[in-house]
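Below is one structure, written out as structure tokens; the observations come after it.
The values are calculated or read from the model by the stated rules, or taken from the named source; none is laboratory data. From a predicted model like this one, the values you see are computed outputs, not experimental measurements. Note: ideal-geometry Cβ built from the backbone for every residue, glycine included; neighbour counts use all protein chains shown.
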Amino acid sequence: MEYKLRYSQYNERSILIEWPAIIDENILESILNFKKKVSKNCIKQIVDIIHTYNSILIIYDLTIENINDRFIELKALLKRQSEATAMTSNHWEIPVCYDDEFGTDLEAFSIEKKMPKAEIIERHTKDSYTVFFIGFLPGFLYLGGLDTKLHLDRKKTPNLDVKKGAVGIGGQQTGIYPQDSPGGWHIIGQTPVELFNAAYDSPCPIQAGDILKFVPIKKQTYFDIESQIARATFQLKPIAPND
Amino acid sequence: MIKVLKAGFYTTLQDSGRFGFRGYGVPVSGAMDSYSSQFANALLGNHEQAAVLEMTMVGGTFQFTAPTLIVISGALMEPHLNNEPISQNAITAVAPNDILSFGKTSVGFRTYLAIKGGFVSEKRLNSQSQYSTITASSTIKNNDILKYASFSQEFQESNASVKYEDSILVNASLEAYKGPEFDGLSEHQKRDLLNGTLKVSKLNNRMAYQLEPLIPNDLIPILTAPVLPGTVQLTPQGHLIVLMRDCQTTGGYPRVLQLTERSINSLSQKTVGNTLKIRLKE
């Protein structure tokens, strides 16, 4: 599908390209395809690419001398069909313990939504989520696909001490805190799995375009996985689709 | 090596930044005032990516164990070597047991200490810049040991005379490009932003500088979008937030302006109460 894009210079060294401002998996695919082509063809000139729901920001190594030349180059690249290969995406299962000990806001969430805890967990774990991009904190995944029945505005007063691995709901989104952080989302569970590790050159196992599901686990399993991670004997592995 | 006798108010090790990982949500970091840090490195013939110490408001006290050359640049914090005043923006030779000390800043807010060959520390995600959750420690602390490249050969001082532009420390006029959401502002709001005098609030650090006064607005919220150091966000409550080197990679507030690189450096030398004007760069 062809989208009407807006090209603009963002600062001395970067160019912003915007797709229509909606959250949509077709736009995600278009963005990821373009990003792949840009990183493949301009690798020496570019230091970073940040993408979000409907934008790509391309950051060049040096000051851009002639912005129109760059725009023409990027537009030509976007049109080049031959390299538009099908995106490969991994599927992941993220173990989450929804016990009250971890889901510190689950009780309050249940009361506010007038929904039993078991139903909240059932709704949170039944569907797959698409990873749109990583932002906010190192390794924080922006996920699409939360059941509309689970939407709930963020807390009025943020919690100053949300734990690493906490799984929360904020507005229309659900997500996992990759590190201890202040945060305004309702915490309904926690995963022992690490989503970001700065010791690796590829610090995030999960990438934009991947699909993930939350799998409920018992407290004992949580601690088992946690100790395996501490001994570096646990590795999150993608599963085959429809496995 | 250097023994940190006193770390100062807020001191970190910074290189030119952590490039290549912003797609994972990792802040770029790097020296807040890249002009001053690069000036100091250049004078020593260092690579511009060499790691320097960034001191904020109040500098530290450091003892050297091996001979080397240093350059101090940026804010004026009364540098002394063994209790004798030394010049900034010039090469100073240090000997074993020498003690380098700094006081409180009189002009500017951030001072850089560059060392011949650069500070040596573990690289995380291809950078030495300290950042919590990425590097082992997020700031320099009392009694830390800092390593640096060994130096023995004669140093050939560069003949090129470069002058430090100290206007960067006091310059109160910032230049900015229009941000992606600039056109959503009313004429009145644009006037407040571009003709009004803005003041640095007490909320200022390596992540962001908040500016006063409030600019009431009814800008439409945006889908979370990319941001950079120098991006000026306007919140629904009217707060102006200028993102700095340790900022997030994405944000949901309208981006009304984008500071030039030079203006980010200039703002890095400002502190609470300093007044500023922003003008559009055409």
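Would you call A:Ile187 hydrophobic (A, V, I, L, M, F, W, C), away from chain B (no Cβ under 11 Å) and under 21 Å from B:Thr250 (Cα atoms)?
no
Name, by its number, the condition in (1) within 22 Å of B:Gly74 (Cα to Cα); (2) more than 15 Å from the chain's Cα centre (by Cα); (3) not polar (S, T, N, Q) that does not hold for B:Leu267.
For B:Leu267, the failing item is (2).
Got at least one residue in segment B:153-163 being modelled with pLDDT under 95 and of a type in the set (Ser, Thr, Tyr)?
Checked against the condition, which is being modelled with pLDDT under 95 and of a type in the set (Ser, Thr, Tyr), segment B:153-163 yields at least one hit.
Given the structure, is A:Asp224 surrounded by fewer than 18 Cβ atoms within 10 Å (Cβ to Cβ) and away from chain B (no Cβ under 11 Å)?
yes
In the list B:Thr250, B:Thr271, which residue meets the criterion of being more than 19 Å from B:Tyr177 (Cα to Cα) and either away from chain A (no Cβ under 14 Å) or crowded, with 17+ Cβ neighbours inside 10 Å (or both)?
Going through B:Thr250, B:Thr271 in turn, the sole match is B:Thr271.
So, B:Phe109, is that one under 24 Å from B:Leu267 (Cβ atoms) and touching a strand residue (DSSP E or B) at 6+ places or on another chain (Cβ under 8 Å) or not?
yes
Within the group A:Asn26, A:Asn33, which residue is touching a Ser or Thr at 6+ places or on another chain (Cβ under 9 Å), more than 11 Å from every other protein chain (Cβ to nearest Cβ) and either under 24 Å from B:Glu175 (Cα atoms) or in a helix (DSSP H, G or I) (or both)?
None of the others qualify; the one that does is A:Asn33.
Does segment B:123-147 hold any residues that are within 14 Å of chain A (Cβ to nearest Cβ), in contact (Cβ under 8 Å) with a residue 12 or more places away in the chain, closer than 14 Å to B:Thr12 by Cα and not hydrophobic (A, V, I, L, M, F, W, C), and which are they?
The answer is B:Ser127, B:Gln128, B:Ser129, B:Gln130, B:Tyr131, B:Thr135, B:Ser138.
Here are some residues: A:Phe136, A:Phe140. Which one is without any contact (Cβ under 8 Å) to a residue 24 or more places away in the chain and closer than 23 Å to A:Gln179 by Cβ?
None of the others qualify; the one that does is A:Phe136.
Which of the numbered conditions does A:Lys155 fail, given that it passes all the others? Conditions: (1) closer than 30 Å to A:Asn33 by Cα; (2) touching a Gly at 6+ places or on another chain (Cβ under 6 Å).
If we test A:Lys155 against (1) closer than 30 Å to A:Asn33 by Cα; (2) touching a Gly at 6+ places or on another chain (Cβ under 6 Å), just (1) comes out false.
If you check A:Arg6 against the conditions, is it at the interface with chain B (Cβ under 10 Å from one of its Cβ atoms) and surrounded by fewer than 16 Cβ atoms within 10 Å (Cβ to Cβ)?
The answer is yes for A:Arg6.
Kindly establish whether A:Ala21 is at pLDDT below 95, within 23 Å of B:Val227 (Cβ to Cβ) and among the small types (Gly, Ala, Ser).
For A:Ala21, the condition - at pLDDT below 95, within 23 Å of B:Val227 (Cβ to Cβ) and among the small types (Gly, Ala, Ser) - is met.
Working carefully through the options A:Leu212, A:Leu146, A:Leu195, A:Leu152, find the one that is farther than 28 Å from A:Leu57 by Cα and in contact (Cβ under 8 Å) with a residue 12 or more places away in the chain.
Of the residues listed, the single one that is farther than 28 Å from A:Leu57 by Cα and in contact (Cβ under 8 Å) with a residue 12 or more places away in the chain is A:Leu152.
Can we say A:Lys40 is exposed (fewer than 14 other Cβ atoms within 10 Å of the Cβ) and either within 9 Å of chain B (Cβ to nearest Cβ) or within 17 Å of A:Lys79 (Cβ to Cβ) (or both)?
yes
Can you name the number of the only condition in (1) free of Cβ contacts under 8 Å to residues at least 60 places away in the same chain; (2) surrounded by 13 or more Cβ atoms within 10 Å (Cβ to Cβ); (3) more than 29 Å from B:Ser263 (Cα to Cα); (4) of a type outside the set (Ser, Thr, Tyr) that B:Phe151 fails?
(1)
Residue by residue, here is whether (1) buried (at least 18 other Cβ atoms within 10 Å of the Cβ); (2) more than 10 Å from chain B (Cβ to nearest Cβ); (3) within 28 Å of A:Gln228 (Cα to Cα) holds:
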{"position": "A:Pro158", "(1), (2), (3)": "no, yes, no"}
{"position": "A:Ala166", "(1), (2), (3)": "yes, yes, yes"}
{"position": "A:Ile169", "(1), (2), (3)": "yes, yes, yes"}
{"position": "A:Tyr177", "(1), (2), (3)": "yes, yes, yes"}
{"position": "A:Ser181", "(1), (2), (3)": "yes, no, yes"}
{"position": "A:Phe196", "(1), (2), (3)": "yes, no, yes"}
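Name the single residue, out of those in segment B:123-147 being of a type in the set (A, V, I, L, M, F, W, C) and in a loop (DSSP other than H, G, I, E, B), that is nearest to B:Met207 (Cα to Cα).
Step by step, filter segment B:123-147, then rank; the result is B:Ile134.
If I ask for residues that are within 8 Å of another protein chain (Cβ to nearest Cβ) and among the small types (Gly, Ala, Ser), which ones from segment A:46-79 would you list?
Answer for segment A:46-79, where residues must be within 8 Å of another protein chain (Cβ to nearest Cβ) and among the small types (Gly, Ala, Ser): just A:Ser55.
Matching residues to (1) within 15 Å of the chain's Cα centre (by Cα); (2) at positive phi; (3) modelled with pLDDT of 95 or more:
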site: B:Ala51; (1), (2), (3): yes, no, yes
site: B:Glu54; (1), (2), (3): yes, no, yes
site: B:Met57; (1), (2), (3): yes, yes, yes
site: B:Thr65; (1), (2), (3): no, no, yes
site: B:Glu78; (1), (2), (3): no, yes, yes
site: B:Ile86; (1), (2), (3): no, no, yes
site: B:Ser101; (1), (2), (3): no, no, yes
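Is it true that some residue in segment A:231-239 is in contact with a His (Cβ under 8 Å, 6 or more places away or on another chain) and of a type outside the set (A, V, I, L, M)?
Yes, there is a match, as at least one residue in segment A:231-239 is in contact with a His (Cβ under 8 Å, 6 or more places away or on another chain) and of a type outside the set (A, V, I, L, M).
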